[in-house]
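**Student:** Starting off with a structure, shown below.
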Amino acid sequence: MSRIGKQPIAVPSGVTVSAEGGLFRAKGPKGELTVPYNPALTIATEGDQLLVTRPSDRQEHRALHGLTRTLVANAVKGVSDGFTINLELRGVGYRAKLTGKNLEMTIGYSHPVVIEPPAGVTFTVPEPTRIDVSGIDKQLVGQVAANVRKVRKPDAYHGKGVRFVGEQIALKAGKAGATGGKGKK
């Protein structure tokens, strides 16, 4: 039995769920999400918990069991609490600000970089060097945060760029000698 798939999913108060015809719906205070799943699997409500069960031990059912349970749990958590990914900017003069809903970053290019958030995602800038990406869809929030980071990845020699908070960057050593590449004569 799948260790992840057999775990029950707690449904917080204020969240309504329904599963029929291969579509799982979760509605809560933050919004509403739908998750498609294989109709061979069963999502049952028992009290204030959800259980995902599979019909057999066939390889395809085993593969989908844990995945479906995780997607359903992420939808329930998203509509009740939401997801936030924190990014930080490192570098001299690197900063970010909000212009309306859009994120505007000054990160070493000759022009400011403007990123427009997709529907369901919001940017907040608590400090000029911190960016918070928030939303109810975990996959969408993660993808938008990765796209923001991709604008200026941390470089391997100085670590300057956009990184996730707490991300460790393995820095490379610079040039070894100060002779300019020429050996002694």
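The values are calculated or read from the model by the stated rules, or taken from the named source; none is laboratory data. Remember, it's a predicted structure, so these values are computed and weren't measured experimentally. Heads up, the Cβs are rebuilt from the backbone with ideal geometry, glycines too, and the neighbour counts pull from every protein chain shown. With ligands, DNA and RNA removed, areas are computed over all heavy atoms of the protein, side chains included. Shrake-Rupley method; radii C 1.70, N 1.55, O 1.52, S 1.80 Å.
**Student:** What is the one condition in (1) assigned to a strand (DSSP E or B); (2) charged (D, E, K, R); (3) in contact (Cβ under 8 Å) with a residue 40 or more places away in the chain that Arg62 does not satisfy?
**Tutor:** It is condition (1) that Arg62 fails.
**Student:** Further question: Taking the conditions exactly as written (crowded, with 17+ Cβ neighbours inside 10 Å and either at pLDDT 95 or above or hydrophobic (A, V, I, L, M, F, W, C) (or both)), does Arg163 satisfy them or not?
**Tutor:** Judged against the criteria, Arg163 is a match.
**Student:** Is it the case that Ala73 is outside any strand (DSSP E or B) and open to solvent by less than 70 Å² (accessible area, probe 1.4 Å)?
**Tutor:** yes
**Student:** Right, here's the next one. When only residues in segment 76-104 that are in a helix (DSSP H, G or I) and closer than 26 Å to Glu167 by Cα count, which is least open to solvent (accessible area, probe 1.4 Å)?
**Tutor:** Filtering first and then ranking leaves Gly78.
**Student:** What is the one condition in (1) in contact with a helix residue (DSSP H, G or I) (Cβ under 8 Å, 6 or more places away or on another chain); (2) at positive phi that Gly93 does not satisfy?
**Tutor:** If we test Gly93 against (1) in contact with a helix residue (DSSP H, G or I) (Cβ under 8 Å, 6 or more places away or on another chain); (2) at positive phi, just (1) comes out false.
**Student:** Scanning for something more than 30 Å from Ala75 (Cα to Cα), among the hydroxyl-bearing types (Ser, Thr, Tyr), at pLDDT 95 or above and in a strand (DSSP E or B), does segment 105-118 turn up at least one residue?
**Tutor:** Scanning segment 105-118 turns up at least one residue that is more than 30 Å from Ala75 (Cα to Cα), among the hydroxyl-bearing types (Ser, Thr, Tyr), at pLDDT 95 or above and in a strand (DSSP E or B).
**Student:** Mind checking which pairs have a first residue in segment 141-169 that is more than 17 Å from Val92 (Cβ to Cβ) and a second that is aromatic (Phe, Trp, Tyr) and surrounded by fewer than 19 Cβ atoms within 10 Å (Cβ to Cβ), Cβ under 8 Å, 6 or more apart or different chains?
**Tutor:** Ala145/Phe164; Arg149/Phe164
**Student:** Residues in segment 46-59 that are in contact with a strand residue (DSSP E or B) (Cβ under 9 Å, 6 or more places away or on another chain) and either assigned to a loop (DSSP other than H, G, I, E, B) or surrounded by 13 or more Cβ atoms within 10 Å (Cβ to Cβ) (or both): how many?
**Tutor:** 7
**Student:** Which condition does Lys138 not pass, out of (1) surrounded by 10 or more Cβ atoms within 10 Å (Cβ to Cβ); (2) farther than 30 Å from Val35 by Cβ, if it passes all the others?
**Tutor:** (2)
**Student:** Follow-up. From the list Ile9, Ile107, Ile43, Ile85, pick out the single residue that is touching a strand residue (DSSP E or B) at 6+ places or on another chain (Cβ under 8 Å), free of Cβ contacts under 8 Å to residues at least 40 places away in the same chain and not aromatic (Phe, Trp, Tyr).
**Tutor:** Ile43
**Student:** I'm trying to understand the selection: among the residues of segment 6-39, which are open to solvent by 90 Å² or more (accessible area, probe 1.4 Å), over 19 Å from Thr84 (Cβ atoms) and assigned to a loop (DSSP other than H, G, I, E, B)?
**Tutor:** Selection gives Lys6, Ser13, Pro39.
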